[in-house]
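Q: The structure follows.
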Amino acid sequence: MRIDIISVLPELLEGPFAHSILKRAKEKGLLELVVHPLRKWAVNEYGQIDDYQYGGGAGMVMMCEPLANAIESLSGERKYAEVIYMTPDGELLNQQMANTLSLKENLLIISGHYKGIDERIRGHFITKEISIGDYVLSGGELPAAVLADAIGRLLPGVLNDETSALFDSFQDGLLAPPVYTRPAEFRGWKVPEILLSGDPNKIADWRHDESVKKTGERRPGMQQD
Ligand code: SAH
């Protein structure tokens, strides 16, 4: 799978993809992540990509021309299943959305800045608008990295134990059960006896019960099996 990201501040995206699981995904050739500096398509030699907003008011708006040229130029090289704009007023990101997007071959993600991007770009080029939560960040790079991470870890072969993503929270409409590691007793706090029993059926039942209990307490509205 390939994810292209258009950004005013590509440096912000170097860190998240340089380590751990996403790094491994890239090295294994399972995920290709390419960040494109929007200034490559700036309207003048000063690297301008934003301008004052019509109607007045504080805050710059990302201009149509650089974005249109960037999207058209990249779309000429490959067909994107979705052209995504990260924005607080978009559809809230959830596991189901990450699952669906992880099945696509090519995605193009636009990171906004300042007041956001000119509405005409949203109307004419963007096919999907995604928010990572009901709060406002200063730029779309972290949201783009969050989305790429949520998608990338689902690609077959990326996680060492291929089944492990299936048992994470949300995959089956349940939150994940508690987890423990050695030692079996720490400061007098004991690991639940059943996890030491070696009985896979009992352990599976216990985990399921704990998941159901936690989901009921913390996300009572969440869809369950
Ligand atoms: N004026 C806009 C916010 C702009 S924030 C508004 O009130 O809706 C600047 C950029 O940061 C946005 O263009 C978007 O790309 C990104 N951004 C900020 N918060 C975000 C969120 N919760 N989810 C996704 N992207 C976000």
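The values are calculated or read from the model by the stated rules, or taken from the named source; none is laboratory data. Note that the structure is predicted; figures quoted are calculated from it, not measured. With ideal geometry, Cβ positions are generated from the backbone for all residues, glycine too; neighbour counts draw on all protein chains shown. Keep in mind that these areas ignore ligands, DNA and RNA; they rest on the heavy atoms of the full protein, side chains included. Shrake-Rupley method; radii C 1.70, N 1.55, O 1.52, S 1.80 Å.
Q: Which one is farthest from the ligand (Cβ to nearest atom), of the residues in the range 48-89 that are assigned to a loop (DSSP other than H, G, I, E, B) and among the aliphatic types (A, V, I, L, M)? Quick ask: steps written out before the conclusion?
A: First pass over the range 48-89, keeping only residues assigned to a loop (DSSP other than H, G, I, E, B): 48-49, 53-59, 63, 78-81.
Now narrow it down to the ones that are among the aliphatic types (A, V, I, L, M): 49, 58, 63, 81.
Values: I49: 13, A58: 10, M63: 13, A81: 19 Å.
Going through the qualifying residues, I end up with A81.
Q: For D172, indicate whether it is of a type outside the set (F, W, Y), at pLDDT below 95 and open to solvent by 30 Å² or more (accessible area, probe 1.4 Å).
A: Here the answer is yes, as D172 does meet what is asked.
Q: Among the residues of the range 1-55, how many are among the polar types (S, T, N, Q) and under 23 Å from K79 (Cα atoms)?
A: At the first step, the residues of the range 1-55 found to be among the polar types (S, T, N, Q) are 7, 20, 44, 48, 53.
From the residues that got through so far, the ones that are under 23 Å from K79 (Cα atoms) too are 7.
So the answer is 1.
Q: A follow-up question, please. For residues that are at pLDDT 95 or above, within 21 Å of G140 (Cα to Cα) and open to solvent by 30 Å² or more (accessible area, probe 1.4 Å), tally how many sit in the range 19-41.
A: Residues that pass the stated criteria total 7.
Q: Of (1) closer than 18 Å to Q95 by Cβ; (2) outside any helix (DSSP H, G or I); (3) open to solvent by less than 90 Å² (accessible area, probe 1.4 Å); (4) not hydrophobic (A, V, I, L, M, F, W, C), P156 satisfies all except one. Which?
A: It is condition (3) that P156 fails.
Q: Please enumerate the residues belonging to the range 90-104 that are more than 9 Å from the ligand (Cβ to nearest atom) and either of a type in the set (G, A, S) or under 21 Å from M62 (Cβ atoms) (or both).
A: Result: E91, A98, S102.
Q: Could you run through the range 11-47 and say how many residues are farther than 30 Å from G157 by Cα and part of a helix (DSSP H, G or I)? I'd like the intermediate steps shown before the answer.
A: Keep residues of the range 11-47 that are farther than 30 Å from G157 by Cα, which gives 38-47.
From what's left, part of a helix (DSSP H, G or I): 38-41.
Total satisfying the criteria: 4.
Q: Residues in the range 108-131 that are of a type in the set (A, V, I, L, M), more than 7 Å from the ligand (Cβ to nearest atom) and either open to solvent by 90 Å² or more (accessible area, probe 1.4 Å) or closer than 17 Å to L142 by Cβ (or both): how many?
A: Taking the range 108-131 and keeping what is of a type in the set (A, V, I, L, M), we get 108-110, 117, 121, 126, 130.
If we keep only those that are more than 7 Å from the ligand (Cβ to nearest atom) as well, we get 108-110, 121, 126.
Adding the requirement that they be either open to solvent by 90 Å² or more (accessible area, probe 1.4 Å) or closer than 17 Å to L142 by Cβ (or both) leaves 109-110.
Matching residues across the range 108-131 total 2.
Q: Regarding the range 101-114, can at least one residue be identified that is in a helix (DSSP H, G or I) and in the same structural domain as C64 (by TED's automatic domain parsing)? Give the steps one after another, and end with the answer.
A: Step one: list which residues in the range 101-114 are in a helix (DSSP H, G or I), which gives 101.
Subset that is in the same structural domain as C64 (by TED's automatic domain parsing): 101.
Yes: one or more hits.
Q: Give all pairs with beta carbons closer than 6 Å in which a residue from the range 71-96 that is open to solvent by 50 Å² or more (accessible area, probe 1.4 Å) meets a residue that is within 16 Å of the ligand (Cβ to nearest atom); count only pairs at least 6 apart in sequence or on separate chains.
A: Correct list of pairs: P88/S131; P88/V136; E91/I130; L92/S131.
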